[in-house]
1. If each residue of separation counts as 0.36 nm, what is the full-extension length gain between V167 and F96 once their alpha-carbon separation is subtracted?
2. What would the Debye formula give as log10 I(q)/I(0) at q = 0.11, 0.17, 0.19, 0.20 Å⁻¹ for the alpha-carbon point model of segment 17-183, no solvent?
3. Give me the percent of accessible area attributable to carbon and sulfur for segment 17-183, probe 1.4 angstrom.
4. Note the full-extension length gain between E198 and N279 as 0.36 nm times their separation in residues minus their Cα-Cα distance, in nm to one decimal.
5. Report the label-to-label distance for K123 and D6 in nanometres (one decimal), using points 7 Å from each Cα along the Cα→Cβ vector.
6. If you count only protein heavy atoms with a 1.4 Å probe, what accessible area per residue comes out for segment 211-287, rounded to a whole Å²?
7. On a full-extension model of 0.36 nm per residue, what is the gain between V287 and A260, subtracting their alpha-carbon distance, rounded to one decimal in nm?
8. Relative to the Cα centre, what is the charge dipole magnitude of segment 166-235, using +1 at the beta carbon of each Lys and Arg, -1 at the beta carbon of each Asp and Glu, and rounding to the nearest 20 debye?
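The values are calculated or read from the model by the stated rules, or taken from the named source; none is laboratory data. Just so we're clear, the structure is a prediction, and the values are computed from it rather than from any experiment. Positions of Cβ are backbone-derived with ideal geometry, glycine not excepted, and every protein chain shown enters the neighbour counts. Side chains included, ligands, DNA and RNA excluded: accessible areas come from the protein's heavy atoms. Shrake-Rupley method; radii C 1.70, N 1.55, O 1.52, S 1.80 Å.
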Amino acid sequence: MKNNADLKTTFELGGDLEINRLGYGAMRITGPMLSGMPENPQNSIDVVRKAVELGVNFIDTADAYGPFTSEELIRDALFPYSKDVTIGTKGGLVRFGAHVDFNHDASPQHLHDALDGSLRRLKLDHIELYQLHRIDPKVPAEITFEFLAKAQQAGKIRHLGLSEVSVEDIQLARKYFKVASVQNRYSVLDRKWEPVLEYTESQGIAFIPWFPIGGGTTAESSKLQQAADRKRVSTHQLALSWLLHRADNILLIPGTSSIAHLEENMRSLDIRITTEEMNDLNALSEV
Ligand SMILES: NC(=O)c1ccc[n+]([C@@H]2O[C@H](COP(=O)([O-])OP(=O)(O)OC[C@H]3O[C@@H](n4cnc5c(N)ncnc54)[C@H](OP(=O)(O)O)[C@@H]3O)[C@@H](O)[C@H]2O)c1
């Protein structure tokens, strides 16, 4: 567990793609309830551009966000892309409308169309990191993995990742392709996936926690609030800093549609947590 000034600020994704550990999650730049275009698309464009200006070089999105509008807004904000910026997108979930659930579809036919759609919207000839949004209970994982491996061999994908998976899922996927990243829900207050973090850390796989500040709810923890007050930082900053200290393979993608929140979140890079403080924070969630 990292606890001092030797905090690493970058991670080699897939062993060859240097990423700043504090990135940006672009699910929240869409319209209300993650649906359609936001009322003020220029605000979303400004937030994405500001993130890059502040040092973000990894942006997480998915075709299902909007759907499609998150990818479109990232393209509008950043195309033509600087060489330094890596956009990671995802396929395997579908959703049409604000009031309906995300459904699984990780069939080869759907993923073929989803991947081509992401390439077209983002105006890319390959995706630097393509993550399977979910293993589809209706499709044998082996069939999905085989398709993804072939798409990578065809040059459409540089690195492959998974989302909401167990260690066993990762081990199965590794029979088909090199797993560069795993994106599971995880935060200082929610450590259900601790064994997956530990496995990815031991294997040099990036671990990208979604909900890193609990969807903005970390302030509801009075103990976290007290710890943050002692350090004169916000609960969100402390939650992000805890993740940066927890393991070197953790890449952060906090989501926001606000430049003020983005700036606040970026300042979590400046925080250093002592071993004693880490021990106290570690006790906030059962492992
Ligand atoms: N793989 C998956 O299944 C999956 C699932 C969900 C999300 N994700 C990815 O993970 C990223 C992060 O997750 P998330 O966006 O759901 O949750 P999150 O980053 O934990 O929280 C984002 C929420 O917190 C608020 N917020 C952010 N910074 C804040 C601050 N400094 N002060 C107060 N409120 C703040 C945001 O509202 P404002 O807009 O008002 O700032 C937003 O509602 C997403 O953007 C997406 O890319 C992946």
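1. Numbers: separation 71, 0.36 × 71 = 25.56 nm, distance 3.08 nm.
So the extension gain works out to 22.5 nm.
2. The computed values of log10 I(q)/I(0) come out as -0.42, -1.01, -1.24, -1.35.
3. Details: 3620 of 6990 Å².
Roughly 52 percent of what the probe reaches on segment 17-183 is carbon or sulfur.
4. Values: separation 81, 0.36 × 81 = 29.16 nm, distance 1.72 nm.
Between E198 and N279, full extension yields 27.4 nm more.
5. 4.4 nm
6. Details: 3500 Å² over 77 residues.
Per residue, segment 211-287 has 45 Å² of solvent-accessible surface.
7. Working: separation 27, 0.36 × 27 = 9.72 nm, distance 3.25 nm.
Here the answer is 6.5 nm.
8. Details: 10 positive and 8 negative charges, 37 e Å.
Here the size comes out at about 180 debye.
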